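These notes are about the structure you will find just below.
What follows is calculated from the coordinates using simple rules that are stated; it is not laboratory data. Quick caveat: nothing in here was measured; it's all calculated off a predicted structure. Backbone-built Cβ (ideal geometry, glycine too); neighbour counts: all protein chains shown.
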Amino acid sequence: MSTLSNTVDSPRVPVLADLFANTWIKNAVLVLGGALFMALFQQISFSMEPFPAPITGGTLGVLLIGSALGSRRGAAALLLYLMMGLILPVYSEGREGAEVLFNTASTGYFLGYLIAAYVVGYLAEHGRDRKFQTAFVSFLFCQLIIFACGVLGLMIVMNFDFPTAFHDGFVLYIPIELIKAAIGAILLPAAWKLAEKTR
């Protein structure tokens with residue numbers, strides 16, 4: 001994680017959304033778009049052995065949204081997404097409602113989504129999404145935030161013991177999350193190159 005060590009002292013740089021958002025209306029549209037993007041990625045869901053829960057596009061969605069929008073807009077987009085899910089079937093597998101948000105195995109991960117969106121956005125505001133290496137490390141760091149909250153949620157909400165929560169809620173998913181981080185670390189620098197060519 002050494003590539004993150006100087007982030008706090010480095011100056012803020014534009015994120016992708018800054019290239020387009022120069023009014024509050026455009027910012028609001030970007031936040032709404034981020035929430036809808038997250039809803040779409042959460043519907044990418046499939047089950048397979050040995051994973052106890054479906055694999056979704058959720059963590060990748062958080063990484064892309066936070067990096068593209070920045071810390072505040074990214075967190076706002078994820079908060080809007082979570083609020084939308086109270087009345088609309090936008091959670092994974094088309095679920096909705098307060099019970100899903102506050103009292104299921106997903107509860108801790110939802111909190112992690114919100115925190116990670118802010119953190120990965122902050123890292124992007126300090127240039128960590130411009131190159132594959134720094135993007136990959138920052139994405140791994142933010143995935144750890146999501147899974148730390150997820151494991152804690154499994155223990156508190158679902159009454160799992162720590163070994164079970166850690167194994168079933170984190171360890172099994174490590175290979176999948178490494179792939180997601182790599183995908184994100186390829187997409188963000190590529191998006192920057194495209195944006196620079198079209199400016």
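For the subset of the range 22-50 comprising residues that are hydroxyl-bearing (Ser, Thr, Tyr) and free of Cβ contacts under 8 Å to residues at least 40 places away in the same chain, which member is farthest from residue 93 (Cα to Cα)? Taking the candidates together, the pick is 23. All of 68, 124 fail the test of being touching a Ser or Thr at 6+ places or on another chain (Cβ under 8 Å), closer than 20 Å to residue 20 by Cα and aliphatic (A, V, I, L, M), apart from 124.
Scanning the range 128-147 for residues that are among the charged types (D, E, K, R) and either more than 16 Å from the chain's Cα centre (by Cα) or surrounded by fewer than 21 Cβ atoms within 10 Å (Cβ to Cβ) (or both) gives 130, 131. Only residues that are within 8 Å of the chain's Cα centre (by Cα) and under 15 Å from residue 95 (Cα atoms) were counted in the range 54-68, giving 1. Taking helices (runs of 4 or more DSSP H) as the structural unit, those lying wholly within the range 41-123 and holding at least 1 residues that are within 23 Å of residue 135 (Cβ to Cβ) correspond to 58-69, 71-84. So for the range 148-168 (the condition being hydroxyl-bearing (Ser, Thr, Tyr) and either under 17 Å from the mean Cα position of the chain (by Cα) or buried (at least 18 other Cβ atoms within 10 Å of the Cβ) (or both)), does at least one residue qualify? No, every residue in the range 148-168 fails to be hydroxyl-bearing (Ser, Thr, Tyr) and either under 17 Å from the mean Cα position of the chain (by Cα) or buried (at least 18 other Cβ atoms within 10 Å of the Cβ) (or both).
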